[in-house]
Structure formats: structure tokens, C-alpha cells
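Contents: one structure, followed by commentary.
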Amino acid sequence: MNRSKAREEAFKLLYSVQVSEVDDVNEQIKYFVEEENIADDEAIEYIEDIINGIKNNENEIEEKIKENIKEDWTISRISKIDLTLLKLGIYEILYSKLPYKVVINEVVELAKSYGDDSSKAFVNGVLASIVKEDLQES
């Protein structure tokens, strides 16, 4: 399984975990991997890293989102799909240290597939703002 497909699978699971507010994410990961017939060890490891990494850094990631949306917006106003995509992108850029251009491109592609008409531009704008901020701090 290539990284793009693994990212999409991680997004699906992350969305499910976010919506259902699961307590035991490791049990959810195990169930998801079985249900989706994911046998690629590298993909499973990637998915586990994404889900656990976002769960462990959720407060900091949400703070980054709050800092980079319009002042009159709140996180609760962001659609669950867009919020999940932002968390995925932020985690990969800031914590996994993956190349931001690749991450943004792939997350925007997911926004096109799973989000509404405004998702692509919204997700791209927030992630670009976070990257710009991060590059200035470096």
C-alpha cells in the first residue's frame, strides 16, 4: 500500500475516532485494520502513528488550528471532515516532519474527495498559514 492510500485509510479511521469519541483507540485501530483487510505492516505502523500521535498531541494541534482560523470562528464551527483533515495535516507537518508541500497537496486532495465545495480552499488556507508561521519560527 502506498503512502497516499495509507494516508486516506488513516483519515477514515481518524474521522471515525473523532466522530464517535472512542476511548480505546488501539482497539479501534485493530478492528479497522481487520475490517479493511490491511496487511501491509508499514501501512499499519503509519496508521497507528497518525492516530496515536494526534490523540497524544490533540490539545496543541487544536491550538494551532484556533490560532490560524478567522477570529470570529471557533473549532466547533469547522466541519468534522475539515477538522479531521486539518489535524492530519498538522500532525504530519509539525510532528512527523514530512515535507509540507507533499502533505498539503495530499490533504487537499482528500478534502476534494470527502469535504464540501469549500473544504479544499479552507484546509489549504489554514495549513499554509501554519506552515508560514512554522517557517518564520525556525
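Structure notes:
- Residue that is farthest from the chain's Cα centre (by Cα) [pool: residues in segment 10-29 that are part of a helix (DSSP H, G or I) and over 16 Å from Leu83 (Cα atoms)]: Glu27
- Positions within segment 129-138 being outside any loop (DSSP other than H, G, I, E, B) and exposed (fewer than 14 other Cβ atoms within 10 Å of the Cβ), in sequence order: Lys132, Glu133, Leu135, Gln136, Glu137
- Note on segment 85-97: residues that are open to solvent by less than 20 Å² (accessible area, probe 1.4 Å) and not aliphatic (A, V, I, L, M) total 4.
- Residue in segment 61-84 that is touching a Leu at 6+ places or on another chain (Cβ under 6 Å), under 21 Å from Ala6 (Cβ atoms) and crowded, with 20+ Cβ neighbours inside 10 Å present: yes
- Hits in segment 3-38 - residues which are open to solvent by 70 Å² or more (accessible area, probe 1.4 Å) and within 24 Å of Glu109 (Cβ to Cβ): Arg3, Lys5, Tyr15, Val19, Glu35, Glu36, Asn37
- Among residues of segment 72-91 that are part of a loop (DSSP other than H, G, I, E, B), those with a Cβ under 8 angstrom from a residue that is open to solvent by 20 Å² or more (accessible area, probe 1.4 Å) and of a type in the set (Gly, Ala, Ser), sequence gap 6+ or separate chain, pair up as Ser79/Gly115.
- Residue that is most open to solvent (accessible area, probe 1.4 Å), among those in segment 98-128 that are in contact with a Lys or Arg (Cβ under 8 Å, 6 or more places away or on another chain) and either more than 20 Å from Ile75 (Cα to Cα) or not in a helix (DSSP H, G or I) (or both): Lys112
The values are calculated or read from the model by the stated rules, or taken from the named source; none is laboratory data. Model, not experiment: these values are computed from the prediction. Glycine gets a Cβ as well: all are built from the backbone with ideal geometry, and neighbour counts include every protein chain shown. Surface areas here come from the heavy atoms of the whole protein model, side chains and all, with no ligands, DNA or RNA. Shrake-Rupley method; radii C 1.70, N 1.55, O 1.52, S 1.80 Å.
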